[in-house]
1. Quick one: in the range B:75-105, of everything that is free of Cβ contacts under 8 Å to residues at least 40 places away in the same chain and under 16 Å from B:I28 (Cβ atoms), which residue is surrounded by the fewest Cβ atoms within 10 Å (Cβ to Cβ)?
2. Would you mind telling me which numbered condition in (1) away from every other protein chain (no Cβ under 11 Å); (2) of a type outside the set (A, V, I, L, M, F, W, C); (3) exposed (fewer than 13 other Cβ atoms within 10 Å of the Cβ) A:N73 fails?
3. Kindly indicate the residue of the range B:27-51 that is among the aliphatic types (A, V, I, L, M) and in contact with a Leu (Cβ under 9 Å, 6 or more places away or on another chain) and also surrounded by the fewest Cβ atoms within 10 Å (Cβ to Cβ) among those meeting that condition.
4. What number goes with the only condition from (1) under 20 Å from B:G107 (Cα atoms); (2) more than 13 Å from the chain's Cα centre (by Cα); (3) in contact (Cβ under 8 Å) with a residue 60 or more places away in the chain that A:F104 does not pass?
5. Would you mention how many residues in the range B:66-114 are within 17 Å of B:K56 (Cβ to Cβ), in a loop (DSSP other than H, G, I, E, B) and among the polar types (S, T, N, Q)?
6. May I ask you to verify whether B:S72 is among the hydroxyl-bearing types (S, T, Y), away from every other protein chain (no Cβ under 14 Å) and at positive phi?
7. If I filter the range A:78-98 for residues that are within 8 Å of another protein chain (Cβ to nearest Cβ) and loosely packed, with under 14 Cβ neighbours inside 10 Å, do I get at least one hit?
8. Report whether or not B:L88 is closer than 21 Å to A:F104 by Cβ, of a type in the set (A, V, I, L, M), facing chain A (nearest Cβ under 10 Å) and under 13 Å from the mean Cα position of the chain (by Cα).
Amino acid sequence: EAAVTQSPRNKVAVTGGKVTLSCNQTNNHNNMYWYRQDTGHGLRLIHYSYGAGSTEKGDIPDGYKASRPSQENFSLILELATPSQTSVYFCASGGQGGNTEVFFGKGTRLTVV
Amino acid sequence: GDSVTQTEGLVTLTEGLPVMLNCTYQTIYSNPFLFWYVQHLNESPRLLLKSFTDNKRTEHQGFHATLHKSSSSFHLQKSSAQLSDSALYYCALSASSGSWQLIFGSGTQLTVMP
């Protein structure tokens with residue numbers, strides 16, 4: 001079974017603070033993704049990566065940075081957190097090509113106060 | 001850019017009735033891959049079924065869908081709903097000339113009542 005682990009699972013941050021969400025996968029997948037999930041908007045792609053050292057902007061990258069230091073790890077960074085970034089964040093990994101299954105982590109619930 | 005539209009945000013029906021969840025997509029690429037993911041309460045999304053072959057029915061766990069490129073549709077169906085089918089369903093699209101992104105629709109919350 002493909003494994004994607006996110007940490008922390010829950011986080012409360014203050015407005016203006018820096019937040020780092022971490023993701024680790026043991027699937028040896030090239031592609032990794034960060035999504036946020038909000039009622040009425042579904043899963044929206046923030047950043048993605050094709051491999052170590054690469055990051056690409058998704059549909060809603062503003063206010064977020066990403067880092068892929070290795071095949072296994074993909075981080076999402078909020079340099080100056082805002083209440084509008086309160087959401088559930090999912091990390092996912094998948095193989096190369098368009099028809100491969102994507103596997104999700106359990107999600108991180110972030111609250112910015 | 002690429003997009004996926006799920007017109008129903010909420011679908012409520014009675015156990016035993018048929019299920020149909022709508023999905024249409026937009027892409028400039030001629031060979032898209034379409035997916036349905038399901039997310040049960042307090043769980044992560046997981047793949048339900050996928051297709052990239054035009055006009056071919058694909059089935060899994062009692063659900064089925066057919067990709068119709070002529071109408072850019074990939075509707076999810078099931079002949080008889082079960083209580084355990086209650087979940088959030090996402091249609092997703094992967095299409096590119098080499099830069100693959102997985103784009104999700106806004107999701108349809110299916111609630112099956114006894």
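The values are calculated or read from the model by the stated rules, or taken from the named source; none is laboratory data. Predicted model, so just to flag it, every value in this text is computed and none were measured. We place every Cβ from the backbone using ideal geometry, glycine too, and count neighbours over all the protein chains shown.
1. Top of the filtered list is B:G98.
2. That leaves (3) as the condition not met.
3. Ranking the qualifying residues of the range B:27-51, first place goes to B:L41.
4. Tallying (1) under 20 Å from B:G107 (Cα atoms); (2) more than 13 Å from the chain's Cα centre (by Cα); (3) in contact (Cβ under 8 Å) with a residue 60 or more places away in the chain, A:F104 fails exactly one: (2).
5. So the count comes out to 3.
6. yes
7. yes
8. Yes: the conditions hold for B:L88.
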